[in-house]
1. When residues of the stretch 167-192 are filtered for being within 24 Å of residue 229 (Cβ to Cβ), within 23 Å of the chain's Cα centre (by Cα) and either open to solvent by 40 Å² or more (accessible area, probe 1.4 Å) or at pLDDT 95 or above (or both), how many remain?
2. Just checking: which of the helices (runs of 4 or more DSSP H) contained wholly in the stretch 1-57 hold 1 or more residues that are more than 34 Å from the chain's Cα centre (by Cα)?
3. So, in the stretch 459-489, how many residues would count as being under 19 Å from residue 500 (Cα atoms) and open to solvent by 10 Å² or more (accessible area, probe 1.4 Å)?
4. So how many residues does the stretch 323-354 have that are in contact with a helix residue (DSSP H, G or I) (Cβ under 8 Å, 6 or more places away or on another chain) and open to solvent by less than 20 Å² (accessible area, probe 1.4 Å)?
5. Considering only the stretch 196-221, state which residues are at pLDDT 95 or above, out of contact with any strand residue (DSSP E or B) (no Cβ under 7 Å at 6 or more places or on another chain) and either assigned to a helix (DSSP H, G or I) or open to solvent by less than 50 Å² (accessible area, probe 1.4 Å) (or both).
6. Return the total of residues in the stretch 44-54 being over 14 Å from residue 80 (Cβ atoms) and surrounded by 13 or more Cβ atoms within 10 Å (Cβ to Cβ).
7. Quick one: which of 122, 57, 104 is open to solvent by less than 40 Å² (accessible area, probe 1.4 Å), modelled with pLDDT of 70 or more and farther than 30 Å from residue 158 by Cα?
8. Taking only pairs six or more apart or across chains, which ones have beta-carbon atoms under 9 Å, a first residue in the stretch 218-232 that is farther than 15 Å from residue 183 by Cβ, and a second residue that is open to solvent by less than 40 Å² (accessible area, probe 1.4 Å) and among the hydroxyl-bearing types (Ser, Thr, Tyr)?
Amino acid sequence: MITIRLLSCFLLWLALFLEGKRYLHMLQLEGYKTTGYLKWVRRNLLKIVAENWIIYASFIIFFALKLDDVYLLAILGLIFLLTEIKKIKGRKPVKKPLVFTWRATRTFITFMGFNILLSFLAFGYFLNYSHFLVSLASLFLLAPLTIAFINFILLPVEMLVQGYYLASAKRKIRGLKRLITVGITGSYGKTSTKHFMAAILSERYNVLMTPGSYNTLMGVTRVIRESLSEEHDVFVCEMGAKYRRDIRDLARLALPKIGVITSIGPQHLETFKSIDNIIKTKFELVEELPLDGVVVLNGDNEYCFKFGPLFANGRKLLFYGFERLLPEFYIWAEDIKVTSRGSEFRVRTKDGHDFKCHTILLGRHNISNILAAIAVALELGLTPKEIVRGVRRVEPVPHRLQILRTSSGVTIIDDTFNSNPAGFREALNCLKEMEGGRKVVVTPGMIELGDIEYEENKKLGKLLADVCDYVILVGKRRAKPILDGLSEVNFPGEKIEVVSSLNEAKERLSGMLKAGDIVLFENDLPDNYSE
């Protein structure tokens, strides 16, 4: 009997191992924020219950009928495991897989250790098989909450570990006396600006930029500890934020001399709660600059222009833009020509610089991002000749309005990194300007816009009708506001398809596209937002 009990526990542990990895993955995607993870659990509660219905049913039957035979108990454990394997096989491929960082490993070992300990306690304590059964089943069914509990109780440990790494990174960067750090933040455009700036500054300096999406406190800490060295002249540091103080903490770590804000808008409203909080958070970068620091702001953005002088508080302030030419602008673009082959524009500055630039990048918003990079380059002493050469070398950032020409003659615009109202509109403008055959948009819409999410997606539905020949919407629940927008402007229903996944959308496209067609892939939701 003891052997059978142990076998039951072992099967449960295997099932918990597989189930726990899934919840750890979601916790990691939520940045180990317990609140955000619990919101994911709440959003997906029905799905979690539906996936486990066989387990629930088996558990209820065994318990109600008091089936306390040890062999039946082992069968129940086997049902747990087979159900888990079936679920894994039925899931869609993940876009960003679980990475077993040290933190993830600590959390998972504690999660498994906690469950194994409770299993042994149940094993020794409950002589009644029904009670033993209840305890084992409860461990499995409560796994989504157990991982949140483990994350919570490990917080003191994580704070100690992070404190050690943070202090180490701070000591290192303070020791690099000749290093110039440029901090970049913004609701959108910061990653592209980072890439463009690094490319242009590399014409003269040895530049290190934060790679990929390393824009959190611990991500930047890791870059400083592992990659930054005395050989570098300039550190271009992207700074992301979802909560108040995020930018302040990053600035106090990286110590920027120059701060760039590319835009301020309704991004991450679910966590910021208001545009006022977003404005204050973005300007934390400016507040943390030294008094002789330089502030570079997007003058075309109403919030940057309105609040810039207030937060700059006497620091050198450089506005850039082109949508409107104002006396306050330091640098602006004129004679802009955007085609499917790239963009040309003339750069002019208040202190007399006047030169032409050409880039293979698409979209007027990319010219705005390049202007921010040029403003910093001029501030750091680069010549117009170096800047023109650097702009020409700038490459599209993957998944951000990236043009892909296929062998079949179809043009793909990959703008799947993420999406926001301004970026979505700009992508549609690019699609509208491009010459070709039919124009198709594939999108799940936008997320993390809080209370305005429905209205913003509905507005985009109306815009889609003005540009597209066909629309493919990914996710039946998320498609509703866009469908409502399309319906209001009488977009033909037969030219709309709603599919459940991006792969399904690609299958539909393969049967309908022909040479000359252009497809815009706008936004690809992360795994924790997939339906």
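The values are calculated or read from the model by the stated rules, or taken from the named source; none is laboratory data. As the structure is a computational prediction, the values presented were derived from the model and not from experiment. Cβ: placed from backbone, ideal geometry, glycine included. Neighbour counts: every protein chain shown. Areas reflect the complete protein model, heavy atoms only, side chains present, ligands, DNA and RNA absent. Shrake-Rupley method; radii C 1.70, N 1.55, O 1.52, S 1.80 Å.
1. Going through the stretch 167-192 one residue at a time, the tally reaches 3.
2. Fully inside the stretch 1-57 and qualifying: 2-29.
3. Adding up the residues that qualify gives 9.
4. Within the stretch 323-354, residues that are in contact with a helix residue (DSSP H, G or I) (Cβ under 8 Å, 6 or more places away or on another chain) and open to solvent by less than 20 Å² (accessible area, probe 1.4 Å) number 6.
5. 196, 199, 200, 203, 221
6. Selection size over the stretch 44-54: 2.
7. 57
8. 225/168; 227/210
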